[in-house]
């Protein structure tokens, strides 16, 4: 009962912030988002220190004040993303197409025509929720989005109502394996975020910012097994708080469905993510313990 009350209380806070965000509208909402980001930062000193440590290790040549500036902007990105996500419930398709632009959406459309399924990858970069939400609108085809359940069932329900507003479907990561196989077998699209720390023993380690990072092997394994097209998409927020997306197909025509092929394909999609983060590090969520696992001694 106590835990249920706590979850509902957190949900009410989220709901309140959502109401305020919608009342403020787009422009004032952005300012409010930065305030929300500052609240997130101040609320957890431990998480902010993780952010600083991650940035310092990823960019050893930057000065302390440069690291702190990126860290603060990264929190602003979280706040802005939060505000935009709750506002998405009231956005129509025309507004979304003004808000986010895909340079080469035809890559997904051509991949669908192959009938082998599409694996759409991204990370916790810029507004990742808007990315999957809008891609389904642009291609006029529902996307199956794999999600990690929140600790609160109330927040889960709230977010999933937004995610599925225009037709996309959500799949819980806890029971995703069979559903993903079925989806790819039918030639449909799945969307996954692949930038968080994976399991220590089950998954594989690849270099991310010159440090071994436990990384999910499933996207590469599935792509090679089903010959599915694997595409990385990352939205970049501009000075007007609109977004531009350039999709990148990760070629794997030269790889076999084996341990070496899975490792190489994983390296390829991780590199695309890293290259974009290096260009705009303020748009990535550095708050996560990305390097919390150490590789086995035989992988060092």
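The values are calculated or read from the model by the stated rules, or taken from the named source; none is laboratory data. Treat the numbers as computed from the prediction; the structure is a model and nothing was measured. With ideal geometry, Cβ positions are generated from the backbone for all residues, glycine too; neighbour counts draw on all protein chains shown.
Observations on the structure shown:
- Those residues of region 44-66 which are in a helix (DSSP H, G or I), out of contact with any helix residue (DSSP H, G or I) (no Cβ under 6 Å at 6 or more places or on another chain) and in contact (Cβ under 8 Å) with a residue 40 or more places away in the chain, in sequence order: 47, 50, 54, 57, 58
- Hey, residue 57 in contact with a strand residue (DSSP E or B) (Cβ under 7 Å, 6 or more places away or on another chain) and within 18 Å of residue 284 (Cα to Cα) or not: yes
- Which listed residue is over 25 Å from residue 92 (Cβ atoms) and at pLDDT 95 or above, from 152, 134, 228: 228
- Given (1) more than 18 Å from the chain's Cα centre (by Cα); (2) under 15 Å from residue 237 (Cα atoms); (3) surrounded by 15 or more Cβ atoms within 10 Å (Cβ to Cβ), index of the condition residue 47 fails: (2)
- Yes/no for residue 157 being modelled with pLDDT under 95 and assigned to a helix (DSSP H, G or I): yes
- Test: residue 187 is under 19 Å from the mean Cα position of the chain (by Cα), closer than 29 Å to residue 88 by Cα and modelled with pLDDT of 90 or more: no
- Residue 162 vs. criteria in contact (Cβ under 8 Å) with a residue 24 or more places away in the chain, outside any loop (DSSP other than H, G, I, E, B) and touching a strand residue (DSSP E or B) at 6+ places or on another chain (Cβ under 9 Å): no
- Scope region 181-203; condition more than 16 Å from residue 128 (Cα to Cα), touching a strand residue (DSSP E or B) at 6+ places or on another chain (Cβ under 9 Å) and outside any loop (DSSP other than H, G, I, E, B); matching residues: 183, 184, 189
- Just one of the listed residues (112, 42, 70) is at pLDDT 95 or above and under 20 Å from the mean Cα position of the chain (by Cα), and it is 70.
- Cβ-Cβ distances below 7 Å connect the following pairs, each with a first residue in region 206-225 that is at positive phi, a second residue that is surrounded by fewer than 22 Cβ atoms within 10 Å (Cβ to Cβ) and modelled with pLDDT of 95 or more, and a separation of six or more residues or different chains: 209/274.
- Single residue of region 246-280 satisfying the filter (under 15 Å from the mean Cα position of the chain (by Cα) and in a helix (DSSP H, G or I)) that is nearest to residue 223 (Cα to Cα): 269
- Residues satisfying the stated conditions in region 142-167, i.e. out of contact with any helix residue (DSSP H, G or I) (no Cβ under 8 Å at 6 or more places or on another chain), surrounded by fewer than 18 Cβ atoms within 10 Å (Cβ to Cβ) and within 19 Å of residue 188 (Cβ to Cβ): 164
- Of all residues in region 207-221, those satisfying the criterion of being over 17 Å from residue 54 (Cβ atoms), under 19 Å from the mean Cα position of the chain (by Cα) and not in a loop (DSSP other than H, G, I, E, B) are 218, 219, 220.
- Any hit, region 249-257, residues being over 30 Å from residue 39 (Cβ atoms), in contact with a strand residue (DSSP E or B) (Cβ under 9 Å, 6 or more places away or on another chain), surrounded by 17 or more Cβ atoms within 10 Å (Cβ to Cβ) and in contact (Cβ under 8 Å) with a residue 12 or more places away in the chain: yes
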